[in-house]
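Derivation of every value follows stated rules applied to the coordinates shown; laboratory data play no part. On a predicted model such as this, the values are computed, not experimentally measured, just so you know. Here Cβ is always computed from backbone atoms with ideal geometry, including for glycine, and neighbour counts include all displayed protein chains.
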Amino acid sequence: MSDNFVLDVSRIRDQVRQKMNEGPVTETYGHDVQRVIDVLNEVVATEVVCWLRYTRHAIVAAGIDRAQVAAEFTEHAKEEMNHALRAAERVNQLGGAPALDPSKLAERSHTDYTTPPDDDLDQMLRDNLEAERIVIAIYQEIVRWLGDGDPTTRRLIESILEEEEDHADDLVDLLGI
Ligand SMILES: [Fe+2]
Ligand SMILES: [Fe+2]
């Protein structure tokens, strides 16, 4: 800790008492909370669409390699749903409303829901790899944008990002590229 770090504790104590209904969001929150909520709701929509895409592909996959590919899709699907839930929980903690209206999810999602032919496992793998690479690029941007302004949301996105990179790596292995 640097020598010039001085805490005005009595000011902080006064401030936090004034807006108790804002829960964990205090005067020291370093971002535009509404913008962070909106970005998180885009993450929620993206993760739900990824869950739907992986789930469909896992169910319909056909052909000689179906068992291995479907098992990987099922595992990824479970993790995408978990990402959606964690982002929605954070929206709620920040005082926002988790946007789960199914009619709006596709337009808010950064990735597409795709339906390749059931026996085209290669296309399924490529569609999912493309989606993973999109979310990796976007989550890296979100992490940089959040910076020190909201370390809790940044750590959440960082931990999701780590799993997306793992997903992309799994898909590259299955594609053999
Ligand atoms: Fe995800
Ligand atoms: Fe993923």
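Ignoring solvent entirely, what values of log10 I(q)/I(0) come out of the Debye formula for region 32-175 at 0.19 Å⁻¹ when each Cα is a single scatterer? Each listed q maps to, in turn, -1.05. The gain in end-to-end length when the E42 to I64 segment is fully stretched comes to 4.3 nm, 0.36 nm per residue minus the alpha carbon separation.
For chymotrypsin sites (Phe, Trp or Tyr not before Pro), the sites in region 1-71 that DSSP calls loop and that have at most 12 other Cβ atoms within 10 Å are F5. Couplings 3J(HN,Hα) for region 111-116, derived from phi with the Karplus relation 6.51 cos²θ - 1.76 cosθ + 1.60 (θ = phi - 60°), are 10, 9, 8, 10, 10, x Hz, where x marks Gly and Pro. Where does the charge balance sit around L105 when Lys and Arg score +1, Asp and Glu -1, over other residues with C-beta under 11 Å from its C-beta? Here the charged neighbours net out to -2.
When the trypsin sites (Lys or Arg not before Pro) in region 1-110 are filtered for DSSP coil states and for at most 13 other beta-carbon atoms within 10 Å of their beta-carbon, the remaining sites are K19.
On the beta carbon distance between V6 and T152, with R0 = 25 Å, the FRET formula returns roughly 0.55. Seen from a random direction on average, the alpha-carbon convex hull of region 1-92 projects onto 9.3 square nanometres.
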